[in-house]
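Scroll down for the structure; my scribbles are underneath it.
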């Protein structure tokens, strides 16, 4: 049954992807991949985390069918590798899942069928195969058959006509190669493998800090003093910056687009960089035994204050970005700023938890990578082009209409409806009509493997 599932998966793979672009086929493949993994790894799917990863992978598959955009495809690939890694080893960190999933995807066959001989450092097959006998078994009968077929053709015209009438043109070598690639892929992921010692070490390392048996009290005293002076000085500096920045923001409510753009896009990189450096400084001082130093209360207090002030700085940047969006509409860059700020808030929050509850750096890596991965998966489930178009057409005080035309086809029907309900100038109307006609022709020309949700809308 398990071998049959791999063969069926290979045939489905070639049917879906041979000479086809991305569409419904990738969504179907995702569901087939989940079924293959389930058949070969039933025990792993008893874990709630594995089921959750499978559901997230299925969500990305649905998103590809609905929107067929780059974000959904990237999220689908990431979710696929993560699920395979999760099946290989439960309870490992998500970045270890990525390592195991990618390794299984590429080299699972070789890992399971070959091993490295420690003494000679040579790769050897895990199962001894008599290649000479195998060559004889296939080659000798094949050569003898060809010789006798040639002899019989000369001796019997009817047999000659029968042999000449055999037509192998129905065999599509490209289709067969794609099917073999599909079999190799499904074989690799059917029993995902683990990369050691990375996986075993990850499972052994917890999230908490522990006090060493011996530590230098005088050294910690100096570290505590340095940290207190440095972070206190930075607290005064950020307070001064926030006062001046808020004053500027109040006095520039009616700023022009270039001024707001400079404030948001040019200033955002420096401000986020400063927050990242702030987190690094805090992590440096609270990396080890200083967490257990009895006289570190003042250091903790100024560190918490600095994290709070950095959060206020994030809020200030959010206000600038929202003000920019309100006046000049949504764009991917302005949405990207909000996503960066969300990740920054998560980073500040996890840093606060790390300091307060004596967590180690591995905790930060684990929780923040999970957060970033979750945001990616959730983001792919939204039709950003439609959201941008709807907001800009209905709420933005001013906008770049050409920007909406240049977005992907996910906003085509919305633009067409807007054109039907409103009087637009000739240039805008022609641009929308051209985009609509081109998109409809593309959908009509697509095969069923390349189809998406909009294909069935026009029908």
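The values are calculated or read from the model by the stated rules, or taken from the named source; none is laboratory data. Since the model is a prediction, treat every value here as computed from it, not as a measurement. Because the Cβ atoms are built from the backbone with ideal geometry, glycine has one as well, and the counts that use them run over all protein chains shown.
Would you mind telling me which numbered condition in (1) at pLDDT 90 or above; (2) in contact with a helix residue (DSSP H, G or I) (Cβ under 7 Å, 6 or more places away or on another chain); (3) assigned to a helix (DSSP H, G or I) residue 330 fails?
(3)
Could you list, in sequence order, the residues of the stretch 33-44 that are part of a helix (DSSP H, G or I) and crowded, with 18+ Cβ neighbours inside 10 Å?
Of everything in the stretch 33-44, those that are part of a helix (DSSP H, G or I) and crowded, with 18+ Cβ neighbours inside 10 Å turn out to be 33, 34, 36, 37, 40, 44.
Kindly list, by first and then second residue, each pair from a residue in the stretch 86-113 that is free of Cβ contacts under 8 Å to residues at least 60 places away in the same chain to a residue that is not in a helix (DSSP H, G or I), limited to pairs with Cβ atoms under 6 Å and residues at least 6 apart or on different chains.
Close Cβ pairs satisfying both conditions: 90/47; 113/126.
Of these, 308, 313, 323, which one is modelled with pLDDT of 90 or more and either in a helix (DSSP H, G or I) or crowded, with 18+ Cβ neighbours inside 10 Å (or both)?
308
Would a scan of the stretch 441-459 turn up a residue that is over 30 Å from residue 55 (Cα atoms) and surrounded by 19 or more Cβ atoms within 10 Å (Cβ to Cβ)?
Looking through the stretch 441-459, none of the residues is over 30 Å from residue 55 (Cα atoms) and surrounded by 19 or more Cβ atoms within 10 Å (Cβ to Cβ).
Take residue 375 and decide whether it is over 30 Å from residue 204 (Cβ atoms) and under 32 Å from the mean Cα position of the chain (by Cα).
No, not satisfied.
Please give the number of the condition residue 266 fails out of (1) loosely packed, with under 14 Cβ neighbours inside 10 Å; (2) at pLDDT 80 or above; (3) in a helix (DSSP H, G or I).
With respect to (1) loosely packed, with under 14 Cβ neighbours inside 10 Å; (2) at pLDDT 80 or above; (3) in a helix (DSSP H, G or I), residue 266 is out only on (2).
Assess whether residue 30 counts as being in contact (Cβ under 8 Å) with a residue 12 or more places away in the chain and closer than 15 Å to residue 192 by Cβ.
Spelling it out, it is not the case that residue 30 is in contact (Cβ under 8 Å) with a residue 12 or more places away in the chain and closer than 15 Å to residue 192 by Cβ.
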